[in-house]
Amino acid sequence: MAKRIGILTGGGDCPGLNPAIRGCVYAAERLGYECVGFEDGWKGIIENKTTPLNREITRDIKMDGGTMLGTSRTNPYKREGGVEKLRETFQKNNLEALVAMGGEDTLGVAHRLYKDFKFPVVGVPKTMDNDLSGTDYTFGFDTSVTVAVDALARLRDTAKSHHRIIVLEVMGRHAGWVAMFTAIAGAADYVCLPERTVDVEDMAKKLKAAYAGKRFALLVTSEAVDLPSVGEGEKQALDDFGHVVLKGRAIGETLAKIIEDKTGLETRHAVIGHIQRGGSPTLYDRMLGTRVGVAAASFVAEKKFGVMAGLTGDKIVPVPLETAVGQLKTVSPEWFKLAEMMF
Ligand code: F6P
């Protein structure tokens with residue numbers, strides 16, 4: 001009987017997951033393994049919901065966004081008997097290893113399983129937020145920023161025509177990489193990031209100055225920046241991993257109101273939201289997804305478990321899952337220095 005690998009994708013989806021699944025399946029088959037997919041992240045392995053995976057099935061998925069396996073934010077450690085069921089499914093399917101593709105939450109579970117049971121797991125880092133440690137970049141980020149830069153260019157046209165300030169709210173709950181890259185690459189006039197409390201006076205001053213020169217201005221904000229007037233006293237819903245569900249926080253709208261108040265200039269806002277998470281992956285994300293998927297299958301063959309396929313410079317290397325999930329990679333001081341030069 002052929003050796004078997006299970007594959008799952010967990011957490012928020014992002015473009016590049018399908019190329020990663022394809023890369024993993026192609027490499028696994030070359031290395032003498034059969035693959036089986038689990039539907040909807042850890043939920044699928046808890047409930048033994050499998051789907052076939054092979055070369056033929058995955059051949060043409062590289063240009064599709066999302067994940068052909070489906071995903072969820074299920075945490076087996078938070079479900080009654082979840083971990084036991086997961087291990088049972090693993091045995092029932094005669095698996096030799098599991099490849100878990102995800103961000104800090106999904107890989108956090110992978111790490112815990114490895115720590116608790118020496119569970120044979122290999123991680124594949126993904127997140128459009130690019131906030132995972134132990135890898136220079138994650139696939140999904142390039143596509144989502146490309147989409148956001150395009151959105152900002154469209155907002156520039158209309159802001160220019162109407163002589164307005166426009167605020168673009170992008171995703172990024174704990175880390176401001178998406179907002180910062182969008183703002184710099186899209187030539188915005190100001191950026192608000194979750195790593196630093198918004199200096200409302202400075203923001204108004206800089207936007208006014210930018211407006212004075214060209215009669216429009218653009219601001220990019222992360223969805224979860226620190227604004228004293230937002231979130232106070234609210235009962236905040238949490239997901240399985242303890243993250244605040246941001247639905248309805250309306251940071252972009254709130255900032256637009258503050259800006260209008262402080263500057264007296266007409267201000268609008270737009271929220272790009274999940275549009276950023278869909279669509280065909282860029283060349284960069286297709287290549288990175290493919291490379292980390294292939295590497296994950298090779299690590300299984302080499303019995304390198306408890307690691308993820310991280311990008312270091314130009315190489316894909318095994319990085320202990322502990323390093324990946326130990327600390328979130330937020331925007332660092334040297335990037336702030338760059339941002340200070342630009343805004
Ligand atoms: O995990 C990435 C992310 O896109 C965050 O930037 C965002 O806050 C969150 O997912 C949104 O999650 P959901 O799709 O569950 O609303």
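Contact annotation: residue pairs with Cβ atoms under 7 Å, 6 or more positions apart or on different chains, pairing a residue in region 208-228 that is touching a residue at least 24 places away in the same chain (Cβ under 8 Å) and part of a helix (DSSP H, G or I) with a partner that is open to solvent by less than 10 Å² (accessible area, probe 1.4 Å) and more than 14 Å from the ligand (Cβ to nearest atom), are Tyr211/Ile165; Tyr211/Ala217.
Residues that are within 24 Å of the chain's Cα centre (by Cα) and over 20 Å from Gly176 (Cα atoms) were ranked within region 213-240; the one that is modelled with the lowest pLDDT is Gln236. Checked against the criterion of being farther than 26 Å from Gly70 by Cβ and either outside any loop (DSSP other than H, G, I, E, B) or open to solvent by 10 Å² or more (accessible area, probe 1.4 Å) (or both), the candidates Ile316, Ile259, Ile275 yield just one match: Ile259.
A single entry from Arg112, Arg154, Arg173 fulfils the requirement of being out of contact with any helix residue (DSSP H, G or I) (no Cβ under 6 Å at 6 or more places or on another chain), outside the structural domain of Met287 (by TED's automatic domain parsing) and over 17 Å from Asp13 (Cα atoms): Arg154.
Selection over region 39-49 of residues that are crowded, with 18+ Cβ neighbours inside 10 Å and in contact (Cβ under 8 Å) with a residue 40 or more places away in the chain gives a count of 4. Only one entry of Met101, Met128 meets the criterion of being assigned to a strand (DSSP E or B), within 15 Å of the ligand (Cβ to nearest atom) and on the phi < 0 side of the Ramachandran plot, and that entry is Met101.
The values are calculated or read from the model by the stated rules, or taken from the named source; none is laboratory data. Because the structure is a prediction, the values reported are computed rather than measured. Positions of Cβ are backbone-derived with ideal geometry, glycine not excepted, and every protein chain shown enters the neighbour counts. Surface accessibility is based on the protein's heavy atoms, side chains included, excluding ligands, DNA and RNA. Shrake-Rupley method; radii C 1.70, N 1.55, O 1.52, S 1.80 Å.
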